[in-house]
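Participant: Got a structure for you, written out below as structure tokens; questions coming shortly.
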Amino acid sequence: MTVDKLGNNKLLIKLDESDMENFELDFGKMSFKNEDNQKVIIGLMRLACCRAGLDTNGKNVKIEAFLLGDECCILVTANPKKRKYRLKKSDSGLCWKMANASDFLNAVETLYRSNICCRKSSAYEMSGNYYLVFDYFSLPKHMVRVLSEYGERQKSRNAAARVRENANLLCHADAVAVIGKFLV
């Protein structure tokens with residue numbers, strides 16, 4: 001068995017026929033799905049990495065086997081793991097558009113009278129249209145029916161963010177309760 005370091009992250013392990021017999025490996029039947037082969041290959045990789053000084057801790061390791069003449073070659077590549085990023089608040093909310101002020105006020109009044117608690121709601125006005133933005137992932141069916149009666153849901157994923165950025169703010173928090181109490 002010979003071990004060659006090909007770079008900072010690559011290692012080439014060469015096994016001749018006697019090594020293959022000693023480790024009870026057959027190239028034609030070599031598979032990482034076979035537990036016996038898996039143990040032998042991982043053992044060879046660890047031994048070779050210690051000899052060559054290649055660190056594989058905390059890295060993604062790729063193992064490839066191929067024939068080169070009479071020798072079986074195993075190429076070990078160790079790449080650093082890529083960082084994963086998660087968005088804490090990936091959805092910007094649900095946005096409903098009302099065509100005019102009367103539809104907007106009727107929707108708010110109906111929601112207020114039905115005693116549905118929606119504290120995370122805000123109201124906006126942009127170019128004659130009125131918007132209700134809810135910071136929830138979903139709304140109760142009754143609430144959706146009322147909102148659909150007076151307006152239409154903006155299906156775009158960024159609709160709420162676009163409204164928040166470009167529209168005039170009418171009420172920042174708890175818009176249904178704040179505006180609704182003046183209508184009743």
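The values are calculated or read from the model by the stated rules, or taken from the named source; none is laboratory data. Predicted model, so just to flag it, every value in this text is computed and none were measured. Virtual Cβ from ideal backbone geometry, glycine too; neighbours counted across all protein chains shown.
Participant: Filter segment 131-154 for residues that are closer than 11 Å to C95 by Cβ and of a type outside the set (D, E, K, R); which is surrounded by the fewest Cβ atoms within 10 Å (Cβ to Cβ)?
Facilitator: Here the residue is Q154.
Participant: Scan segment 113-127 and tell me whether some residue there is modelled with pLDDT of 90 or more, surrounded by 12 or more Cβ atoms within 10 Å (Cβ to Cβ), basic (K, R) and closer than 23 Å to V184 by Cα.
Facilitator: The answer is yes, given that some residue of segment 113-127 is modelled with pLDDT of 90 or more, surrounded by 12 or more Cβ atoms within 10 Å (Cβ to Cβ), basic (K, R) and closer than 23 Å to V184 by Cα.
Participant: Shifting gears a bit: When the residues of segment 128-159 are filtered to those that are modelled with pLDDT of 90 or more and among the small types (G, A, S), which remaining residue is farthest from the chain's Cα centre (by Cα)?
Facilitator: Per the stated criteria, the residue is G128.
Participant: Name, by its number, the condition in (1) without any contact (Cβ under 8 Å) to a residue 40 or more places away in the chain; (2) crowded, with 16+ Cβ neighbours inside 10 Å; (3) of a type outside the set (D, E, K, R) that does not hold for F182.
Facilitator: It is condition (2) that F182 fails.
Participant: Looking at segment 160-170, which of the residues that are aliphatic (A, V, I, L, M) and more than 16 Å from S102 (Cβ to Cβ) is farthest from the chain's Cα centre (by Cα)?
Facilitator: So the residue we want is L169.
Participant: Is it the case that some residue within segment 38-55 is assigned by TED's automatic domain parsing to the domain that holds E21 and in contact with a Cys (Cβ under 7 Å, 6 or more places away or on another chain)?
Facilitator: No, segment 38-55 contains no residue that is assigned by TED's automatic domain parsing to the domain that holds E21 and in contact with a Cys (Cβ under 7 Å, 6 or more places away or on another chain).
Participant: Could you please let me know if L170 is assigned by TED's automatic domain parsing to the domain that holds N106, under 14 Å from A107 (Cβ atoms) and surrounded by fewer than 17 Cβ atoms within 10 Å (Cβ to Cβ)?
Facilitator: Yes.
Participant: Same structure again: Could you say which residue among A78, A48, A52 is surrounded by 16 or more Cβ atoms within 10 Å (Cβ to Cβ), under 17 Å from K5 (Cα atoms) and in contact with a Ser or Thr (Cβ under 7 Å, 6 or more places away or on another chain)?
Facilitator: Checking each option against the conditions leaves just A78.
Participant: For residues that are in contact with a Gly (Cβ under 8 Å, 6 or more places away or on another chain), assigned to a helix (DSSP H, G or I) and not aromatic (F, W, Y), scanning just segment 100-112, find the one that is surrounded by the fewest Cβ atoms within 10 Å (Cβ to Cβ).
Facilitator: Per the stated criteria, the residue is D103.
Participant: With modelled with pLDDT under 85 and either polar (S, T, N, Q) or touching a helix residue (DSSP H, G or I) at 6+ places or on another chain (Cβ under 6 Å) (or both) as the only criterion, which of N9, N34 stands out?
Facilitator: N34
Participant: Find all pairs meeting these conditions: Cβ atoms under 7 angstrom apart; at least six residues apart or on different chains; first residue within segment 111-132 and acidic (D, E); second residue at pLDDT 90 or above.
Facilitator: Going by the 7 Å Cβ cut-off, the qualifying pairs are E125/A167; E125/N168; E125/L170.
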